[in-house]
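Quick notes on the structure that follows.
The values are calculated or read from the model by the stated rules, or taken from the named source; none is laboratory data. Here the structure is a predicted model, which means the values were calculated and not measured. Virtual Cβ from ideal backbone geometry, glycine too; neighbours counted across all protein chains shown.
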Amino acid sequence: MTDSKYFTTTKKGEIFELKAELNSDKKEKKKEAVKKVIASMTVGKDVSALFPDVVNCMQTDNLELKKLVYLYLMNYAKSQPDMAIMAVNTFVKDCEDPNPLIRALAVRTMGCIRVDKITEYLCEPLRKCLKDEDPYVRKTAAVCVAKLHDINAQLVEDQGFLDTLKDLISDSNPMVVANAVAALSEIAESHPSSNLLDLNPQSINKLLTALNECTEWGQIFILDCLANYTPKDDREAQSICERVTPRLSHANSAVVLSAVKVLMKFMEMLSKDLDYYGTLLKKLAPPLVTLLSAEPELQYVALRNINLIVQKRPEILKHEMKVFFVKYNDPIYVKLEKLDIMIRLASQANIAQVLAELKEYATEVDVDFVRKAVRAIGRCAIKVEQSAERCVSTLLDLIQTKVNYVVQEAIVVIKDIFRKYPNKYESVIATLCENLDSLDEPEARAAMIWIVGEYAERIDNADELLESFLEGFHDESTQVQLQLLTAIVKLFLKKPTETQELVQQVLSLATQDSDNPDLRDRGYIYWRLLSTDPVAAKEVVLAEKPLISEETDLIEPTLLDELICYIGTLASVYHKPPSAFVEGGRGVVHKSLPPRTASSESTESPETAPAGAPPGEQLDVIPTQGDLLGDLLNLDLGPPVSGPPLATSSVQMGAVDLLGGGLDSLIGAPNFVAPPAATVPANLGAPMGSGLSDLFDLTSGVGTLSGSYVAPKAVWLPAMKAKGLEISGTFTRQVGSISMDLQLTNKALQVMTDFAIQFNRNSFGLAPAAPLQVHAPLSPNQTVEISLPLNTVGSVMKMEPLNNLQVAVKNNIDVFYFSTLYPLHILFVEDGKMDRQMFLATWKDIPNENEAQFQIRDCPLNAEAVSSRLQSSNIFTVAKRNVEGQDMLYQSLKLTNGIWVLAELRVQPGNPSFTDLELSLKCRAPEVSQHVYQAYETILKN
Amino acid sequence: MSASAVFILDVKGKPLISRNYKGDVAMSEIEHFMPLLMQREEEGALTPLLSHGRVHFLWIKYSNLYLVATTLKNANASLVYSFLYKTVEVFSEYFKELEEESIRDNFVIIYELLDELMDFGFPQTTDSKILQEYITQQGNKLETGKSRVPPTVTNAVSWRSEGIKYKKNEVFIDVIESVNLLVNANGSVLLSEIVGTIKLKVFLSGMPELRLGLNDRVLFELTGRSKNKSVELEDVKFHQCVRLSRFDNDRTISFIPPDGDFELMSYRLSTQVKPLIWIESVIEKFSHSRVEIMVKAKGQFKKQSVANSVEISVPVPSDADSPRFKTSVGSAKYVPEKNVVIWSIKSFPGGKEYLMRAHFGLPSVEKEEVEGRPPIGVKFEIPYFTVSGIQVRYMKIIEKSGYQALPWVRYITQSGDYQLRTS
């Protein structure tokens, strides 16, 4: 006998009939009727009309019937809130039933009835059930607290259920502990500020003990909860890791992934020199590989996470390439993910094997997979230089197959290979040109056109090829149009005599017949350039292109760190932070990896970091005369050091003029008609137009117009220490030149003459670029201001502190010594803006222990203000991202000695109570970080 | 944390049964699931995780059913998928076959099970043996007074009930090794791994403590017996009954087993072994006329061993017709619905080499779509033999009543994912 018969009643008066049956005196008939009701509910019929009749059946000693009625209640109580009250009495009574199964059932169901009026009645029974003698009831009651909290949070807090729930973490029964942890985590997730979980070493220890005893699901709740904890030091992190690693041998993949999450997170705190760190790395690989034998959906989750893990810690899986080889019967989503990881793991050591596989995949039938495989070959070429040649020849083989989409995909990647290795593989261009006609996808057409334009001088019929594209210009996509415009201009600049007509044609197509502003503007710019200054045009259009970076599709470092904290969850599958797909700010806590606060290493905490040295305190670093003399007496104080005096700021002024004039003419005359292109070639030999090159200087230097921040002058050498000579000064940086602005005051009674200055060797090789020129003798009480140009070609010696500068000044009276600290930002050079990709790659490349974190307190600026202020001191914003209302600025700067410093600055705009900025600095020479931080602070606070 | 609701849908996407656990996602959202799935499939971008608006669908397909969990939160995806598979396992153990019909036939008990498997999105008791102690198909016979929660549900040992009795106490141990192999078209081995499982069939009274001894290399090195023949297990996974921290400490496999059948552990070795059955094939396609296939199979294992039920499946074009075969041993059969020829050999002794030739006609008008190149697949079973050389050294069984119990061990090696690519 099966239940399917209950589905068959489809008579017209069904509801009426059921009503009669529900009210029958016969128990058996009643139960049959309830089953029919539930069957109707299951197939989606509305049986809410029977509410009172069904509720009447609730009082029964038949467990099965009771469960069915409860189920009905859960489904319809919300639509009949008033009548749902009728059920309360039975619930309360059932919560006192001698049978724990009934007690648990009642408390479980009551929590699922999301009717406000009922919740108040739930409190007393729930309170009892939380203290029930039977663990089955307690574990059910624990979950019920979370349910109730979801309906009425205030009620739960007022009734003190949260404290009871916290007590259950110490329950003797592991399942109760696990459910209490799950319930608390759930509540904490929606109330990030509540500090509900209050994790401390004691409670962590309890959780770790329960971990060994509870079910697989309980283990997951506990591990996920542990992952939110931040150990106080590396020892604690290690001891937790040691107790979590056995979970890697659990048969349930979800337990394994949650354990991996905890380990990946806490590993961040361990020093790489620890033996244990290496042991842990080795322990992580095998379970990750085994996840690939799980069910396909779990494989997919595992692969998406492995993708993150490989980016964060490539060393874990670097020897496991083979397990990511694609199998014929893998689902397509698994295949594509495996391919992605193969590329990430590709290295010189395994490239031959990878290529052989990729070639195999490129001849399969699944179009998406094949395309991705072809693209992967290109990425390998770019990533592993030694393999580039083999990759190119593989791609050529694939082009020979003439399979349309393979050819197109191959051309797109070959373009990238040209960008990475210019002038190396151009011999293949002929083969590519043969396939011109078969290209029908915009990306492939654009790539091919780019190749033709870029190498126009080597392709005999480049003009014909481009002309053939021009015929259907208006039908092309924007991508192709833009590329065609540029390519023809390039061709014209390379072969001006034969292609005038062509260039004129494309310029007029782009500017006069197109509605696309991008295209039109680019057309105008080219036209204008060509007509005013072809040499400059050449400089611009045929400029050397920056090489493309090796790794593509890297996830931003902060996002990556955040995603590591979300291993196993939807965020790790989407590769997006939860805030991107979970509604509302509520319920989402921004997570980040714990900072490396190992007890053995001392990263300076923001509190102990000295604030930017205020003027006056410099005196502290003046060494005793004796020390200094040793170094300085050797110096030749006579003639100034060599080195050309640096250019003045006239360039800058010129640029400003140009900006005004240039823009006026561009904006003011949108319909200008360029001189006929035919006259252009005549100008080709003209000398380089200085105006335009200045214009381009300007674009990179806009921010420097105002110059770097200059501190007010401070007294460096008090008169009493220098026989009446008082020196105060400051450092400035403007358009690339550093100078020391000095103010010399004669407080003695005699005239001072014959001034000279000399620096001791210092960390960055700062040295005077010209002699100290005090033109007239300095009479008593007279003050003179001098700007002394500096360069950084002097001899280098590491100083302590790093930015210490020891100076000797001589005059007709004596030689005086003083030392001062220069602000590091005078060393930030103008071309310190890193390319985005480069930034990502570099950030990842610099080891984490080089990262230093600082806090800039009380800085009420928004991101734009911060960014522009920093830019005027040559700290460049590479990218900006908004995460949960906070702006993250990614910035780069370069020191005069070529050291790059990468920064991540977190700004919380519009929040008056959070005016602190958080600064993370990464640099290969971590000792500069402290000084860079001081520079930030100085610039932002003044 | 995990699922808000769980649905079982038929192949067309119609809900057969569902359970709303959290009430934060409208149950009608499921209507978007099937159209979304079909759209993504068409785009070639189908993944096990789909989203519509702010609702996320995590789904698996089991025979003709879809099991779908919905959530609004950043749920633990791996937990949800494991839970869905566990649900399938529980239902299958209850109803033998999980299919549309069995769901309709047992909807009452499915509701009961769904209520017990998960609460507010937290998976609870998912062990079908324990569930069967208090949720039975004869539910209507149970009166409230009699039905109790077995203490096992919340015990630390949540997989075995007390008071089990057998007249004869026995344990059957099956050591099964599956060989996964991937060979490329020019005959070089790309991937070769052994995935072993140890399955137990336990007929023991009381609450016995078991200890399993294997010739595990790490253990031998720890105990200074490194001279003996041992096996290096690369990764080991255990049933939840095994004390993991104990294993982590001293490699002891100790546990209180569930009653009846279960998988105690699985392990993986990536040591390269000689492929047990080696295939050389020549598939010559003469367009518009015929395909000629020659397959040579060689048993590369000990002469004393015999591979049973060997099945070699060789791909043929989908438009092939009029098959003709010639085999030196066994029989060949054309299976047009799978586009393969299956060559079956009942018993294949080690060291032997056999040959099969097949001939197919091809239509003169070729069909347009390109076909993939499926690999040759091989299935086999070699009893009394493990490729890795793993051995059960002992199984100690201690129960406080002090009975004597006998362990029985059986070894078998079989094909896993065994693929040889064709050119």
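Could we say that A:Thr209 is at the interface with chain B (Cβ under 8 Å from one of its Cβ atoms) and either among the small types (Gly, Ala, Ser) or part of a helix (DSSP H, G or I) (or both) here? So that I can check it myself, show each step before the final result.
On the way: at the interface with chain B (Cβ under 8 Å from one of its Cβ atoms): no; either among the small types (Gly, Ala, Ser) or part of a helix (DSSP H, G or I) (or both): yes.
No, not satisfied.
Being over 20 Å from B:Arg19 (Cα atoms), touching a residue at least 12 places away in the same chain (Cβ under 8 Å) and within 10 Å of another protein chain (Cβ to nearest Cβ): is that true of A:Asn75 here?
On the way: over 20 Å from B:Arg19 (Cα atoms): no; touching a residue at least 12 places away in the same chain (Cβ under 8 Å): yes; within 10 Å of another protein chain (Cβ to nearest Cβ): yes.
In short, no.
So, in the stretch B:65-79, of the ones that are more than 8 Å from every other protein chain (Cβ to nearest Cβ) and of a type in the set (A, V, I, L, M, F, W, C), which residue ends up nearest to B:Glu101 (Cα to Cα)? Break it down stepwise before answering.
We begin by selecting, within the stretch B:65-79, every residue more than 8 Å from every other protein chain (Cβ to nearest Cβ); these are B:65-70.
Applying the additional criterion that residues be of a type in the set (A, V, I, L, M, F, W, C) yields B:65, B:67-69.
Details: B:Leu65: 11, B:Leu67: 15, B:Val68: 18, B:Ala69: 21 Å.
Filtering first and then ranking leaves B:Leu65.
Among the residues of the stretch A:120-172, which ones are outside any helix (DSSP H, G or I), in contact with a Lys or Arg (Cβ under 8 Å, 6 or more places away or on another chain) and surrounded by 15 or more Cβ atoms within 10 Å (Cβ to Cβ)? It would help to see each step written out before you state the result.
Just the residues of the stretch A:120-172 that are outside any helix (DSSP H, G or I), to begin with: A:131-134, A:152, A:159-160, A:169-172.
Within this subset, residues satisfying the condition of being in contact with a Lys or Arg (Cβ under 8 Å, 6 or more places away or on another chain) are A:131-132, A:134, A:159, A:169-171.
A:Asp132, A:Asp134, A:Gln159, A:Ile169, A:Asp171 - these are the residues of the stretch A:120-172 that are outside any helix (DSSP H, G or I), in contact with a Lys or Arg (Cβ under 8 Å, 6 or more places away or on another chain) and surrounded by 15 or more Cβ atoms within 10 Å (Cβ to Cβ).
Does B:Ala3 qualify as being within 12 Å of chain A (Cβ to nearest Cβ), in a loop (DSSP other than H, G, I, E, B) and crowded, with 17+ Cβ neighbours inside 10 Å? Give the derivation first.
Details: within 12 Å of chain A (Cβ to nearest Cβ): yes; in a loop (DSSP other than H, G, I, E, B): yes; crowded, with 17+ Cβ neighbours inside 10 Å: yes.
Considered against the rule, which asks whether it is within 12 Å of chain A (Cβ to nearest Cβ), in a loop (DSSP other than H, G, I, E, B) and crowded, with 17+ Cβ neighbours inside 10 Å, B:Ala3 comes out as yes.
Would you pick out the residues in the stretch B:22-46 that are assigned to a loop (DSSP other than H, G, I, E, B) and either modelled with pLDDT of 95 or more or charged (D, E, K, R) (or both)?
From the stretch B:22-46, those assigned to a loop (DSSP other than H, G, I, E, B) are B:22-26, B:43-46; that's our starting set.
Residues satisfying the conditions are B:Lys22, B:Asp24, B:Glu43.
Search the stretch B:84-110 for residues being surrounded by fewer than 21 Cβ atoms within 10 Å (Cβ to Cβ) and touching a Lys or Arg at 6+ places or on another chain (Cβ under 9 Å), and hand back the single one that is farthest from A:Met175 (Cα to Cα).
The extreme case among them is B:Ser102.
Looking at the stretch B:116-128 only, could you name the residues that are outside any loop (DSSP other than H, G, I, E, B) and within 7 Å of chain A (Cβ to nearest Cβ)? Can you show your working first?
Residues of the stretch B:116-128 that are outside any loop (DSSP other than H, G, I, E, B), as a first pass: B:116-119, B:122-123, B:128.
If the condition is that a residue be outside any loop (DSSP other than H, G, I, E, B) and within 7 Å of chain A (Cβ to nearest Cβ), then B:Asp119, B:Phe122, B:Pro123 are the ones that fit.
Can you find a residue in the stretch B:86-104 that is touching a strand residue (DSSP E or B) at 6+ places or on another chain (Cβ under 6 Å), aromatic (Phe, Trp, Tyr), within 17 Å of B:Leu9 (Cα to Cα) and more than 7 Å from chain A (Cβ to nearest Cβ)? Write out each step before concluding.
Initially, the stretch B:86-104 is screened for residues touching a strand residue (DSSP E or B) at 6+ places or on another chain (Cβ under 6 Å), giving B:88, B:103.
From what is left, the residues that are aromatic (Phe, Trp, Tyr) are none.
There is no residue in the stretch B:86-104 that is touching a strand residue (DSSP E or B) at 6+ places or on another chain (Cβ under 6 Å), aromatic (Phe, Trp, Tyr), within 17 Å of B:Leu9 (Cα to Cα) and more than 7 Å from chain A (Cβ to nearest Cβ).
So which residues in the stretch A:465-492 are buried (at least 23 other Cβ atoms within 10 Å of the Cβ) and either in contact (Cβ under 8 Å) with a residue 60 or more places away in the chain or of a type in the set (Gly, Ala, Ser) (or both), if there are any at all?
Scanning the stretch A:465-492 gives a single hit, A:Ala487.
Quick test of your reading of the structure: B:Phe172 fulfils all but one of (1) away from chain A (no Cβ under 12 Å); (2) surrounded by fewer than 18 Cβ atoms within 10 Å (Cβ to Cβ); (3) more than 30 Å from A:Gln353 (Cβ to Cβ); (4) over 25 Å from the mean Cα position of the chain (by Cα). Name the failing condition by number.
(4)
Considering only residues that are among the hydroxyl-bearing types (Ser, Thr, Tyr) and in contact with a helix residue (DSSP H, G or I) (Cβ under 7 Å, 6 or more places away or on another chain), look in the stretch A:22-55 and name the one that is nearest to the other protein chains (Cβ to nearest Cβ).
A:Thr42
Which is part of a strand (DSSP E or B), at pLDDT below 95 and buried (at least 16 other Cβ atoms within 10 Å of the Cβ), of B:Pro374, B:Pro407, B:Pro317?
Details: B:Pro374 fails: part of a strand (DSSP E or B); B:Pro317 fails: part of a strand (DSSP E or B).
Only one candidate passes the filter, namely B:Pro407.
Being buried (at least 18 other Cβ atoms within 10 Å of the Cβ), within 22 Å of A:Ile332 (Cβ to Cβ) and in contact with a Leu (Cβ under 8 Å, 6 or more places away or on another chain) narrows it down to one of B:Ser78, B:Ser63, so name that one.
Working: B:Ser63 fails: buried (at least 18 other Cβ atoms within 10 Å of the Cβ).
When all the criteria are applied, what remains is B:Ser78.
Does A:Leu207 satisfy the criteria of being in contact with a Lys or Arg (Cβ under 9 Å, 6 or more places away or on another chain) and at pLDDT below 95? Can you show your working first?
Values: in contact with a Lys or Arg (Cβ under 9 Å, 6 or more places away or on another chain): no; at pLDDT below 95: yes.
Criteria not met by A:Leu207.
Being more than 14 Å from chain A (Cβ to nearest Cβ) and of a type in the set (Asp, Glu) is the filter here, so list the residues in the stretch B:339-372 that pass it.
B:Glu353, B:Glu366
Can you name every residue in the stretch B:31-49 that is among the hydrophobic types (A, V, I, L, M, F, W, C), buried (at least 16 other Cβ atoms within 10 Å of the Cβ) and in contact with a helix residue (DSSP H, G or I) (Cβ under 9 Å, 6 or more places away or on another chain)?
Answer for the stretch B:31-49, where residues must be among the hydrophobic types (A, V, I, L, M, F, W, C), buried (at least 16 other Cβ atoms within 10 Å of the Cβ) and in contact with a helix residue (DSSP H, G or I) (Cβ under 9 Å, 6 or more places away or on another chain): B:Leu46, B:Leu49.
Got a sec? Which of B:Tyr66, B:Tyr81, B:Tyr94 is within 23 Å of B:Gln124 (Cα to Cα), modelled with pLDDT of 95 or more and outside any strand (DSSP E or B)? Steps first, answer last, please.
Numbers: B:Tyr66 fails: outside any strand (DSSP E or B); B:Tyr94 fails: modelled with pLDDT of 95 or more.
Checking each option against the conditions leaves just B:Tyr81.
Being over 28 Å from the mean Cα position of the chain (by Cα) and free of Cβ contacts under 8 Å to residues at least 40 places away in the same chain narrows it down to one residue among A:Ala294, A:Ala349; which is it? Steps first, please.
On the way: A:Ala294 fails: free of Cβ contacts under 8 Å to residues at least 40 places away in the same chain.
On inspection, the qualifying residue turns out to be A:Ala349.
Please pick out the residue among B:Ile342, B:Ile312, B:Ile397 that is in a strand (DSSP E or B) and within 30 Å of B:Glu170 (Cβ to Cβ).
Values: B:Ile342 fails: within 30 Å of B:Glu170 (Cβ to Cβ); B:Ile312 fails: within 30 Å of B:Glu170 (Cβ to Cβ).
That would be B:Ile397, the only listed residue that is in a strand (DSSP E or B) and within 30 Å of B:Glu170 (Cβ to Cβ).
If a residue has to be within 24 Å of B:Leu190 (Cα to Cα) and among the small types (Gly, Ala, Ser) to count, how many in the stretch B:268-304 make the cut?
4
Would the stretch A:218-229 turn up any residue that is more than 14 Å from chain B (Cβ to nearest Cβ), within 26 Å of the chain's Cα centre (by Cα), under 24 Å from A:Asp561 (Cβ atoms) and part of a helix (DSSP H, G or I)? Steps first, please.
From the stretch A:218-229, those more than 14 Å from chain B (Cβ to nearest Cβ) are A:229; that's our starting set.
Keeping just the survivors that are within 26 Å of the chain's Cα centre (by Cα) gives A:229.
Applying the additional criterion that residues be under 24 Å from A:Asp561 (Cβ atoms) yields A:229.
Now restrict to residues that are part of a helix (DSSP H, G or I): none.
Checked against the condition, which is being more than 14 Å from chain B (Cβ to nearest Cβ), within 26 Å of the chain's Cα centre (by Cα), under 24 Å from A:Asp561 (Cβ atoms) and part of a helix (DSSP H, G or I), the stretch A:218-229 yields no hits at all.
Criterion first (in contact with a Cys (Cβ under 8 Å, 6 or more places away or on another chain), over 26 Å from B:Trp59 (Cα atoms) and within 12 Å of chain B (Cβ to nearest Cβ)) does A:Val354 satisfy it?
Values: in contact with a Cys (Cβ under 8 Å, 6 or more places away or on another chain): yes; over 26 Å from B:Trp59 (Cα atoms): yes; within 12 Å of chain B (Cβ to nearest Cβ): yes.
Yes.
Could you give every pair whose Cβ atoms fall below 7 Å, whose first residue belongs to the stretch B:319-336 and is within 26 Å of B:Phe348 (Cβ to Cβ), and whose second residue is exposed (fewer than 13 other Cβ atoms within 10 Å of the Cβ), counting only separations of at least 6 or pairs across chains?
Within 7 Å, the pairs are B:Gly330/B:Lys346.
So A:Leu68 ticks every box in (1) within 49 Å of the chain's Cα centre (by Cα); (2) within 13 Å of another protein chain (Cβ to nearest Cβ) but one. Which box is left unticked?
(1)
Inspect all residues belonging to the stretch A:324-336 and state whether any of them is within 27 Å of A:Asn850 (Cα to Cα), surrounded by fewer than 19 Cβ atoms within 10 Å (Cβ to Cβ) and at the interface with chain B (Cβ under 9 Å from one of its Cβ atoms). First the steps, then the outcome.
Here is the first cut: in the stretch A:324-336, the ones within 27 Å of A:Asn850 (Cα to Cα) are none.
No: zero hits.
Scan the stretch A:441-460 and tell me whether some residue there is among the hydrophobic types (A, V, I, L, M, F, W, C), assigned to a loop (DSSP other than H, G, I, E, B) and closer than 19 Å to A:Lys490 by Cβ. Explain how you work it out, then say what you get.
Here is the first cut: in the stretch A:441-460, the ones among the hydrophobic types (A, V, I, L, M, F, W, C) are A:444, A:446-452, A:456, A:459.
With the extra rule that they be assigned to a loop (DSSP other than H, G, I, E, B), the set shrinks to A:459.
When the remaining residues are screened for being closer than 19 Å to A:Lys490 by Cβ, the result is A:459.
Yes - at least one qualifying residue is present in the stretch A:441-460.
With A:Lys335, A:Lys322 as the choices, which residue is within 26 Å of B:Val195 (Cβ to Cβ), out of contact with any helix residue (DSSP H, G or I) (no Cβ under 6 Å at 6 or more places or on another chain), at pLDDT 90 or above and not in a loop (DSSP other than H, G, I, E, B)?
Details: A:Lys335 fails: out of contact with any helix residue (DSSP H, G or I) (no Cβ under 6 Å at 6 or more places or on another chain).
One residue alone meets the criteria, A:Lys322.
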